[in-house]
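Peer 1: The structure that follows is given in the form of structure tokens.
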Amino acid sequence: MQNKEQLLEVQTIFSRRHIGLLIVLLLFLANNFIFNNQQMKIGFIPSMVISSVLVLDIFLAYNNFFHKFPFLVIVRYIEIIATGILISDISDKGMSNINNIVVILFYSMFLIEIILLYDMTELRNSLGVSILCQIPFIADAIMVLITHDDNYVTRSINYISVAIISFMVSWAIATYYGKTQKYYEQYMFSRDRLLDRAKDNSEKINESQKNLRTVNEQLGIKKFELEEAYHKINNVNADMEFQNHFMTMMMSTLNLGKLVNEARELLNERFDLSYSELVFVNEEMRDKYITDSLENVLGEEEALEFNEFFLSELFIQEHSEMGSRFILGQVDYDEFPFFKKAEIASVAVNTLIMDDSGNRALYIMLSKVRDIFADKEMLFSNIFGQMEVVARNISLYYEIRQMSIMDALTGLYNRRYLNVYFNENFINSGAARNVSAAMVDIDFFKRINDTYGHLFGDMAIKTVAKLIGISAKANKGEAFRYGGEEFVIILEGKSLSEAAQIMEELRISIKNTPVVSGETSINLNVSIGVTAYPEITKDISTLIDRADKAMYYSKQHGRDRLTVDNGTD
């Protein structure tokens, strides 16, 4: 929640930026005066009232009068009352022209600025602001009833109706803003809790390291316990060596699958394990990364029972914290009968949080040797803590990499990734399979931008990109935004005739799909060029260039058509 100093600063910024609205309003007033002098009475009074309010607001803001919260509240309510009175006048005369719309827009702006002054998570604030903003309408209704003017009943009902509508709008905005504030506060609270937890974990690690140093100092002092000391030192050195080796391995790859495989090999070397695997709680991730079959170790039925226990919601909830471990040094077969057939004697399960979304995984180790994991808490804490960090970094790396190869507007791959994709999959690999390429260009796109604006142009590009992406995915191909309004589609295993048929269907689909924004709706046409390797060109590096030339031929010969490369230059 912002403090009052922050609110005053934000509201001062609002007021200073009203100068742009004042300039627009004065230009609007000047336009009426110059070109519509006969109709000046329609917009003069509302425009002058709002202009006066804005001038006062801007003057106070630029002269640093907004240093006290009550003063700012008074100014804002003056604004809402002034525009509210004008709206009351509109409700009596009807919304006949753009001047009335301007009044309503300014009333809405002042209303939102008032709402942003208060903590709307409290019901009394939302209700109080919504009621206070209706004072002009209620006052007009009362005045009409008292004075008994012409049609006073109808007019008073009209004012009350406007007050009710304005109250509903004010209440809706206030409650929505309140929910947004509450969500933000909850988010900040959750973040602070995570930071506190991270701090606690850091303190625990520091404490553990301090304890380790203390143990080493004690080993140096207790020389008379040389045999036990040497044994402990050897174990510590072995663990440290293994830990360093393990960490070096994890730093050498950005492939999670490779990381899991190499971790399995190292752990199998360090411990006499029958099974070692990173098992994701999420079923999709589990199917993607599990390579060591538990059925081969325990048996099919026993593996099902194992999963029912260790992947159950109860077990996950009890061991959901980062670094949580479940260790059995001597398995009780009465309690865990699914281990009996394979003679599993020791079990270690370590919980890892693999990414910022809270995706969890269990690293499971099974051994036939009793107490093989005894006294390994520190080792597990270090190696699995490091594995968790590396897994998070890998997840972040692929997320950033995905962002770098995607076009932000369309969601398709960008031109940079097209070059990488083409080189890796076709040119460098020397692929001999059929590959078709199509170049798609929106016809008269500059005219669309000039006529309807760039925002509508962006919507047109997104509409075409969506249809292109659907077509590429349906035909197991890849789609790229080549630049501007141009797109490239790569189809593997498709002949030239098959690719041409797919692209013709795409052209018709684009032609029949309107781009709609508000009351504006247009249908687009595209020009397409298609070529294929090795049917048309024997040099796969020229594939995209030939598709581009075929598309250019479509542009030159009428647009809204498909041109199939015939092999000539």
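Peer 1: Find how much the distance from Glu9 to Lys473 grows on full extension, using 0.36 nm per residue of separation minus their present alpha carbon separation; answer in nm with one decimal.
Peer 2: Separation in residues times 0.36 nm, less the Cα-Cα distance, equals 162.0 nm.
Peer 1: Counting Lys +1, Arg +1, Asp -1, Glu -1, what net charge surrounds Ser381 among other residues with beta carbon under 10 Å of its beta carbon?
Peer 2: Combined, the nearby Lys, Arg, Asp and Glu give +2.
Peer 1: Return, ordered by residue number, the residues of the range 521-540 whose backbone nitrogen is under 17 Å from a label point located 7 Å along Cα→Cβ of Gln501.
Peer 2: Hits in the range 521-540 for Gln501 at 17 Å: 530-532.
Peer 1: Residue by residue, what Karplus-based ³J(HN,Hα) values in Hz, rounded to whole numbers, does the range 470-485 have, using 6.51, -1.76 and 1.60 with θ = phi - 60° and x for Gly and Pro?
Peer 2: 5, 5, 5, 5, 5, 10, 6, x, 10, 10, 9, 8, 7, x, x, 9
Peer 1: Rounded, prolate or oblate: which fits the range 470-513, taking a ≥ b ≥ c as square roots of the Cα gyration tensor eigenvalues, rounded meaning a/c under 1.5, else prolate when a/b beats b/c?
Peer 2: Numbers: a/c = 1.79, a/b = 1.15, b/c = 1.55.
Verdict is oblate for the range 470-513.
Peer 1: Using a simple spin-label model with points 7 Å from Cα along the Cα→Cβ vector, what separation in nm is obtained for Gln209 and Arg416?
Peer 2: 3.6 nm
Peer 1: Between Glu535 and Glu265, what is 0.36 nm times their sequence separation minus the Cα-Cα distance? Round to one decimal in nm.
Peer 2: Once the chain is fully extended between Glu535 and Glu265, it gains 92.5 nm.
Peer 1: Same structure, new question: Once ligands and nucleic acids are excluded and a 1.4 Å probe is used, how much of Leu298 is accessible, expressed in Å² to the nearest 10?
Peer 2: 0 Å²
Peer 1: Something else about it: Please report, in Å, the Rg and the Dmax of the range 521-566, where both are computed over Cα atoms only.
Peer 2: Cα-based Rg and Dmax for the range 521-566 come out at 12.0, 44 Å.
Peer 1: Using a cut-off of 13 Å between beta-carbons, work out the net charge of the residues near Tyr452 (Lys and Arg +1, Asp and Glu -1, Tyr452 not included).
Peer 2: -1
Peer 1: Label points 7 Å out from Cα along the Cβ direction at Ile112 and Arg124: separation in nm?
Peer 2: Label-label distance for Ile112 and Arg124, simple model: 2.9 nm.
Peer 1: Using 1/(1 + (r/R0)^6) with R0 = 51 angstrom and r between the beta carbons of Arg191 and Gln556, what's the FRET efficiency to the nearest 0.05?
Peer 2: Calculated value: 0.30.
Peer 1: Mind listing the long-range amide H neighbours of Asn525? Cut-off is under 5 Å, sequence gap 5 or more, other chains count too, H placed in the peptide plane at 1.01 Å from N.
Peer 2: Counting only residues 5 or more places away or on other chains, the set is Asp443.
Peer 1: How do the peptides 472-483, 308-319, 333-344 rank, highest first, by the average count of neighbouring beta carbon atoms within 10 Å per residue?
Peer 2: Values: 472-483: 18.9, 308-319: 12.8, 333-344: 14.8.
Highest-to-lowest ranking by the protection proxy: 472-483, 333-344, 308-319.
Peer 1: How many nm is it between the label spots at Arg447 and Asn566, if each spot is 7 Å from the Cα in line with the beta carbon?
Peer 2: The answer from the label model is 2.7 nm.
Peer 1: Then there is this: Given a 1.4 angstrom probe, what's the average accessible area per residue across the range 428-569, in square angstrom?
Peer 2: 49 Å²
Peer 1: Gain in length, Asn64 to His454, computed as 0.36 nm per residue apart minus the alpha-carbon separation, to one decimal in nm?
Peer 2: Going from the current span to full extension adds 136.5 nm.
Peer 1: Continuing with this model, one more query. Need one word for the range 414-536: rounded, prolate or oblate. Basis is the Cα gyration tensor (sqrt eigenvalues a ≥ b ≥ c); a/c below 1.5 gives rounded, then a/b vs b/c decides.
Peer 2: prolate
The values are calculated or read from the model by the stated rules, or taken from the named source; none is laboratory data. Everything numeric here is computed off the predicted structure, so don't read it as measured data. No Cβ is skipped: glycine too gets one built from the backbone with ideal geometry, and neighbour counts run over all protein chains shown. Protein only, heavy atoms only, side chains kept; ligands, DNA and RNA dropped before computing areas. Shrake-Rupley method; radii C 1.70, N 1.55, O 1.52, S 1.80 Å.
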